[in-house]
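S.K.: Okay, handing you the structure first.
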Amino acid sequence: MRGGSEGVWFDAALTLLAVVVGVGSQFAAAEHQDELYRDTGLLAVVLGLIVTLPIFWRRTHPQQALVVSVAAITVLSALQYRTNSLPIAVLFLIYAAAAYQPLRRATAALAYVYVAIAVIYVTDAPDFDARSLAFNLALFGAAWLGGVAMRSRSATALARLAEADERAEAHRQHAARAVAEERLRIAQELHDVVAHSMSVIAVQAGMGAHVIDRQPERARQALETISHTSRSTLVEMRRLLGVLRGEDGDRAALPAPGLADVDALVEQVRAAGLPVELDVEGAGGDVPRGVDLSAYRVVQEGLTNVIKHAGPAHAQVRVRYGTGAVEVEVTDDGRGIAAPAVNGGHGLMGMRERVAVWGGTLDVGPTDGGGFHVHAVLPYGEPA
């Protein structure tokens, strides 16, 4: 998957950069520091790798990655080895712990980092005085606040999307109720028209049959009345039944959304703060309305899950119109969805039900690098 593959390569490149810069900086020393620090040896390099390598897992396992990295850099400092640029890796990890986790776990992560800084201070690490203590507390606190702000922004975007969807659903329900009430009124009107007309026809037919031999002129008038009444009644019935039957007419229900509305959905999600790319292949003029609606709902739920679960991420939506089937796919490069949500989340269950109605297939799950994908195929006809 493109989104997951890009996420893996980005994480790998960032980790490699952190390793090169962080471990390489352990060998850079000023002359006045020679007496303060121990010479960088194999143990120092191994600890430096343990500090930097967890960056690769900062999205999928942010808490564990932070714990390992901070423990390693604390040991380095306590053994009086140079850390130089290695704390930058911890900055990335404390940001990720705050951005990708609930506030309670994020707060525990910050407390863990602060305890490690205090341990480094009390072990008399070289060049780590009270001023350095205050600076590090402020620096890592700022990185943590940045992660919390990013998580809050994602939550706000999700709330806005949910609110917009609720407003749209309320509007559709209101329109449906209005149409139902209008059709009930029309049905009552149709009943009145038919009842009145049939009464007139029955009376005129009875009278005509009664006087046809003695007063043929009156019988002729009765037949003309029957003819006129029946014609006008048929015209009125055609008009009323046309309104009741015409789902695309002016007085019918508002059309349900479909894949033609995915552009507007994507723009709505972009406005909520999630970068989304849209790729459409083929033309969908012959897709049945039910399949069209189900495919749209799969895309909508997929994007909602990205905002809700992926954290800071990019998403891509693909729509492919094939012969006798339509495919939709939503991928992202975020941290993915936890296993319980994949197996039992209400949104994913709803997607499975929508796809199953049409005999289609649905594939959902994490991608390499911590992203997530939703891929649905909905058939609607026999392939040529």
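S.K.: Enumerate the calculated ³J(HN,Hα) couplings along the stretch 152-164 in order (Karplus 6.51 cos²θ - 1.76 cosθ + 1.60, θ = phi - 60°), each rounded to whole Hz, writing x wherever the residue is Gly or Pro.
M.R.: In residue order, the calculated couplings are 5, 5, 5, 5, 5, 4, 5, 5, 5, 5, 5, 5, 5 Hz.
S.K.: Rounded to whole Hz and in sequence order, give me ³J(HN,Hα) for the stretch 103-110 from the Karplus expression 6.51 cos²θ - 1.76 cosθ + 1.60, θ = phi - 60°, writing x for Gly and Pro.
M.R.: Running phi through 6.51 cos²θ - 1.76 cosθ + 1.60 with θ = phi - 60° gives 4, 5, 5, 5, 5, 4, 5, 5 Hz.
S.K.: In the neighborhood of residue 306, defined by Cβ-to-Cβ distances under 13 Å, what is the net charge if each Lys or Arg adds +1 and each Asp or Glu adds -1?
M.R.: Once positives and negatives cancel, what remains is -2.
S.K.: Now a separate question. In nm, what is the difference between 0.36 nm times the number of residues separating residue 79 and residue 105 and their Cα-Cα distance?
M.R.: Working: separation 26, 0.36 × 26 = 9.36 nm, distance 2.93 nm.
Here the segment from residue 79 to residue 105 would lengthen by 6.4 nm.
S.K.: Using a 10 Å cut-off on Cβ atoms, rank the peptides 14-22, 356-364, 314-322 from the highest mean neighbour count down. Don't jump to the answer; show the numbers that get you there.
M.R.: On the way: 14-22: 17.2, 356-364: 15.2, 314-322: 18.9.
Going from most to least packed, we get 314-322, 14-22, 356-364.
S.K.: For residue 18, what charge total do you get from the other residues with a beta carbon under 13 Å from its beta carbon, if Lys and Arg give +1 and Asp and Glu give -1?
M.R.: Around residue 18, the charge tally is 0.
Throughout, read-outs are computed from the coordinates displayed, never taken from laboratory work. Since we're looking at a predicted model, the values are computed, not measured. Positions of Cβ are backbone-derived with ideal geometry, glycine not excepted, and every protein chain shown enters the neighbour counts.
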